[in-house]
Amino acid sequence: MYIDINSIQIKKPNGTYVSLGNYNGKCLIVEAKYGYNKLWASDSGRNLAGVMTGTLIGVFPKIIVQFKKLSKAELEKIVPILDAQNQVVRYYDPYKKDYVEMTTYTGDYEVTNKGMVGTRGRKNDGFSISFISIRKRS
Amino acid sequence: MKAHTSDYKDKIKEFGKQITSKITYELEGETIELGAEELNSITPHYEGSILKSVMKQLDIDSNVDIPLGTILNYQFGLFVDRYTETTDETYQADIEYYVLEDDEFVLLVVGTDYEVGDEIEDTVYNYQDYEYLNFGNYVVYSSEKKEDTNSYNIICYDKMLYSMVDYEDIQITYPITIRNYISAICNHLGLTFKNENSEFANWNRQIQSELYLDNGGNSLNYKFRDVLDELAQVTASTICINEEDDELEIRYITDTYDTIDEEYLKNINVKFGEQYGPINSIVLSRSGESDNVYLQDAQSITDNGLCEIKIIDNQIMNWNDRSDYLPDILAKLDGLQYYINDYNSPGITYYNLCDRYNVSIGENTYSCVMFNNELDITQGLEELVHTDLPEETETDYSKADKTDRKINQTYLVVDKQNQVISSVINNVSEQNNKISQITQTVDELNSKIQDIADITISGESEYGTFELDNINESEPIMIKVRPLNGLNNISYLYPRSNLYPSSSLYMPNRKIRFANITKYELTTDKTYNSFNKYYSYDSVNDEYTLLIAGTDYIIGNKITGSIYQNQIIDYEIPDDLLYYDGTHYDEFYLDYDSQTCQIIKKCEYNSDGTISPLANEITNTYTYPTIPLSDGDYEITLLGYSNAYLFVRLMASNIYTSQFATRVEMSSAIQQSANEINLRVDEKVDEEDFTHANIVLKINDDTSQAQIHADKVDIDATDVFNILAGNTINLTSNNIAIDSTHFKVTKQGNLTCSNANVSGSITASSISGSTISGSTISGGTIKSNNNYLTINLANGEIDSYSTINFYNQLGSSTEINGPTIDTFNVNAHNITTTSITAQHYNQGSLESIKKNINLCNKNGLNIINNSDIYEFNYKTESNNEKKHIGLIINDAEKKYNTPKEILTETGTGIDLYSMISISWKAIQEQQKTIDNLLERIEKLERNDK
């Protein structure tokens, strides 16, 4: 949840954080969606009384971030983080009323280059990516 | 049922329940806890039933390996998100506490809101996220790594696993109670016995000896688990490891009074079948289920039909006291019933093995027992429950019995411990005990048939009368009589100082009446009394009709017509029998076996007619009486004494009527081992061995030997094969002799006859090299098959002391019948006989049979001239018979001038060959004289010319 420009941060390998809302004074993202996805076990279904029953494996937070059109330097900074096996994302959790860290994996992302024909410029388009917690919310 | 809260029961069925698992164990002194992060799946499961031991299993799919043998504890957690009030307690630092403010729980923080150890007076709450159920401890049995998932498949069992080892000596002293035996097993296995001080079915029955080891203490391939299975049957329980305290438990079905409804059932695979039970019959079976004893709830069977539990071949309940176990087992199982089921559940989790619970579906409620359970705990939860119909058995109760100790026993005992199978058929009647028994071991097969007949029948009464049926013609075997109180002394009534006979006071007697109530005798025109039963005889229907005193006649009446009474024999006890108190009374005693007739007196009359005890008892002996009883049914009565003890033992009709004995024992036995067969037949009359025969056929390792021991052996067969192995009876092999009055063969084979008669023909190709000696051989024929008989004496002799007499069929002739003998050569040194007639008499004269050969220089004429020739008759002849001419020998007086040159060696006979030769020489001498005379005559005649 957005509360300030540092609401979403990603831990770099050196242990420092990159704030997606304040990278060298620029905000790298244009939109962030906070999802709380419930994962149900395979035993879910209706019981003999017709009542739904099932085991909730857990609530797995998911943040979908829409990056703006990034420059070459910005992409070179961000992509290694996104392509890593896991990321540690620090965000403000309104349920916990505090900043929390979660280890995530990322979904597929696509960086689109527009203006490949002509001379008006060759800029990377913005793209979106999902950060999904590997553990359920405690 | 596992301890849980009502919240738990509600939460477990909810949509969105959250679960977790926790495994805890010690490793190298450190407590290790594995949680949902490390555990991929957990599957606790078991398959149980009544009357067996149950071992619970835990399958773990873990990212962490756990060493084999590790004892771990498994707990299943359900997220309950609950605050519980915990006021007025001393708090610990590791617990989070909350206070309720504005309907919201606010966390108290250690160091800020309280210090560890503080007592907080406010209402504070303990937050509980997960509620855990304890599934108990398990032992890691195996671990296998799955390379594809990089995880471990770990199989664990509860501590029942300790019992999966070979049974061995547990160092106990027998007999031992069932409870102490289980306790000893637990001690041996390192388990704690939960019921060590409690009572359960058959807990105090005793095991008499070791059952699961052989006599040498060696294993019989039982495992302790097998023994626990049998103990579960004995205790009518399920033996398992308790989940809470890890102790071995004798568990019975426990009613939880808990009900689950459709919300606890999945909407697939929900089956509730027929109701099993109620159990109302317990059968103990052995010997291939052919030998059964049972105990039943008859009312339940009537109400519900038969439902039996059959326990088969239980070693503890294998003996003839096994029926003693049945009441406790039936008490535990009688009425047990439950629904057969098979269903899947999204999770109940809190029922334990043997918990009874209800399942409510619609308007139906099913009472179920948890016997089989599998809980699949992965990301989700699924519980598989089923209770099957026990294997149905149907015992043929007509061939089963309620106890082995009843009169007719037929059973087969399989003693697996000692490897003995015993089958017994026992028929016991009042008089006979017939037993057919076969005992089989690895080494021996013994069979025995025994018939013990107590051929007496007894009766006793404290009312002075009873009946005995089917009595054999005999005398009483035993009689005992004694008074039972002082008012009924068995005595004549004698006038005393205070007692006088009157019209109402008469003299009774002391008679024992034996009334044969199956035989009647005519008793017309007599005065009858009340002690006799009378009958009138209907000759048309050939039957007797009882006359009743008071109805058909009055006691004392004379009755005319053909009236019959029982055939009666009265015996009068020879003296009074008095009673003083319970230890001082007289007793009459008659015993046929010892021919004893006694009265043991312990009381006496005082002078005033009262009775006092004797200081020392006195035994008076009387002449043994004869009480001849005939066949039939008897009514035995102590006349006039309806309050007296009477005991009588009589001979009963039996199959041994040819023997007068009270007990006959017949038995035959066959004992067979690998190298021996022993056959034995015995008959024992009373205590005396009447006869017995014992045949032992024994084959030793290196020789063959058969022995027959018997008073008498009768081989009655038309043919006997191979009785003479090699056609030889070797008398010298084992000092065997044939002995009889007329004919004996010694162990050396010498034959001796004493006036023996040999009839028939003796046929042989050759009889030689032997001596036949005897005074007379008569009455038969010695002949050869080819009508040519040779008695070859080349190597034998007919000695000088023997005489061979040849008799004709009239027995008087001394002739050798010439026509039947073409050639009869006698080559003998000396033959003495009366007359020999033959065509040739040849004197053997070969040089080869002679020695010391010299020319005879004796003067034959002198010998002849110096002898006298006489005429005579033999003394056996009459004087008129033709006279014989010859020499007379009288060696003593030499008066008959018989020359010694022609005598035989013994001087008793004439050597005819020598006599002829002397005559021959005399002729030569005479011829020489004649020749000389002729020569002189010729010379004289020539001179005359």
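The values are calculated or read from the model by the stated rules, or taken from the named source; none is laboratory data. Since the model is a prediction, treat every value here as computed from it, not as a measurement. Ideal geometry is used to build each Cβ from the backbone, glycine not excepted, and the neighbour counts take in all protein chains shown. The area values use the complete protein model at the heavy-atom level, side chains included, leaving out ligands, DNA and RNA. Shrake-Rupley method; radii C 1.70, N 1.55, O 1.52, S 1.80 Å.
Restricting the stretch B:531-546 to residues that are among the polar types (S, T, N, Q) and under 25 Å from residue B:465 (Cβ atoms) leaves a set whose member that is surrounded by the fewest Cβ atoms within 10 Å (Cβ to Cβ) is B:545. Quick one: would you say residue B:651 is at pLDDT below 90, closer than 24 Å to residue B:462 by Cα and outside any loop (DSSP other than H, G, I, E, B)? Answer is yes for this residue. Of the residues screened, residue B:352 is not one that is within 14 Å of chain A (Cβ to nearest Cβ) and open to solvent by less than 40 Å² (accessible area, probe 1.4 Å).
Beta carbons closer than 6 Å, at least 6 apart along the sequence or on distinct chains, pair a first residue in the stretch B:4-17 that is away from chain A (no Cβ under 11 Å) and within 9 Å of residue B:131 (Cβ to Cβ) with a second that is among the aromatic types (Phe, Trp, Tyr) and assigned to a loop (DSSP other than H, G, I, E, B) for B:4/B:350. Quick one: in the stretch B:136-183, which of the residues that are among the polar types (S, T, N, Q) and touching a Lys or Arg at 6+ places or on another chain (Cβ under 8 Å) is farthest from residue B:223 (Cα to Cα)? Step by step, filter the stretch B:136-183, then rank; the result is B:151.
Candidates B:43, B:24, B:31: the one that is modelled with pLDDT of 90 or more, within 14 Å of chain A (Cβ to nearest Cβ) and within 30 Å of residue B:147 (Cα to Cα) is B:43. In the condition set (1) buried (at least 16 other Cβ atoms within 10 Å of the Cβ); (2) under 30 Å from residue B:301 (Cα atoms), residue B:172 is compliant with all but (2). Consider the stretch B:146-169. How many of its residues are at pLDDT below 95, open to solvent by 10 Å² or more (accessible area, probe 1.4 Å) and over 14 Å from residue B:225 (Cα atoms)? Number satisfying all stated conditions: 6.
Considering each residue of the stretch B:870-884 in turn, none proves to be free of Cβ contacts under 8 Å to residues at least 24 places away in the same chain, within 27 Å of residue B:924 (Cβ to Cβ) and not small (Gly, Ala, Ser). Screening residue B:851 against (1) open to solvent by 80 Å² or more (accessible area, probe 1.4 Å); (2) not in a loop (DSSP other than H, G, I, E, B) leaves a single unmet condition, (2). Scanning the stretch B:41-75 for residues that are assigned to a strand (DSSP E or B) and either farther than 18 Å from residue B:241 by Cα or free of Cβ contacts under 8 Å to residues at least 12 places away in the same chain (or both) turns up B:41, B:42, B:60, B:61, B:62. Considering the stretch B:363-379, the residues that are touching a residue at least 60 places away in the same chain (Cβ under 8 Å) and within 14 Å of chain A (Cβ to nearest Cβ) include one that is surrounded by the most Cβ atoms within 10 Å (Cβ to Cβ), namely B:377. Applying the criterion of being under 15 Å from residue B:83 (Cα atoms) and hydroxyl-bearing (Ser, Thr, Tyr) to the residues of the stretch B:95-122, the residue that is surrounded by the most Cβ atoms within 10 Å (Cβ to Cβ) is B:97. Of the residues that sit in the stretch B:495-554 and are basic (Lys, Arg) and in a loop (DSSP other than H, G, I, E, B), which one is modelled with the lowest pLDDT? The selected residue is B:526.
Take the residues in the stretch B:403-442 that are under 30 Å from residue B:468 (Cβ atoms) and among the charged types (D, E, K, R), then tell me which one is modelled with the highest pLDDT.
B:434
Going by the structure shown, is residue A:21 more than 14 Å from chain B (Cβ to nearest Cβ), open to solvent by 20 Å² or more (accessible area, probe 1.4 Å), assigned to a loop (DSSP other than H, G, I, E, B) and small (Gly, Ala, Ser)? Criteria not met by residue A:21. Looking only at residues of the stretch B:292-312 that are open to solvent by 20 Å² or more (accessible area, probe 1.4 Å) and in contact with an Asp or Glu (Cβ under 7 Å, 6 or more places away or on another chain), we find that the one that is nearest to the other protein chains (Cβ to nearest Cβ) is B:297.
Scan the stretch B:559-584 for residues that are under 19 Å from residue B:511 (Cβ atoms) and either β-branched (Val, Ile, Thr) or open to solvent by 30 Å² or more (accessible area, probe 1.4 Å) (or both) and jot them down.
Within the stretch B:559-584, B:567, B:568, B:569, B:570, B:572, B:573, B:574, B:575, B:579 meet the criteria.
Against the conditions (1) touching a residue at least 40 places away in the same chain (Cβ under 8 Å); (2) assigned to a loop (DSSP other than H, G, I, E, B), residue B:131 satisfies every one except (2). Among B:245, B:291, which is more than 37 Å from the chain's Cα centre (by Cα), at pLDDT below 95 and not aliphatic (A, V, I, L, M)? B:245 is the lone residue from the list that is more than 37 Å from the chain's Cα centre (by Cα), at pLDDT below 95 and not aliphatic (A, V, I, L, M).
Residue-level check: of (1) at pLDDT 95 or above; (2) away from chain A (no Cβ under 14 Å); (3) open to solvent by 10 Å² or more (accessible area, probe 1.4 Å), residue B:389 misses just (1). For the residues B:380, B:347, B:362, the requirement of being in contact with a helix residue (DSSP H, G or I) (Cβ under 7 Å, 6 or more places away or on another chain), over 15 Å from residue B:256 (Cα atoms) and among the small types (Gly, Ala, Ser) singles out B:347.
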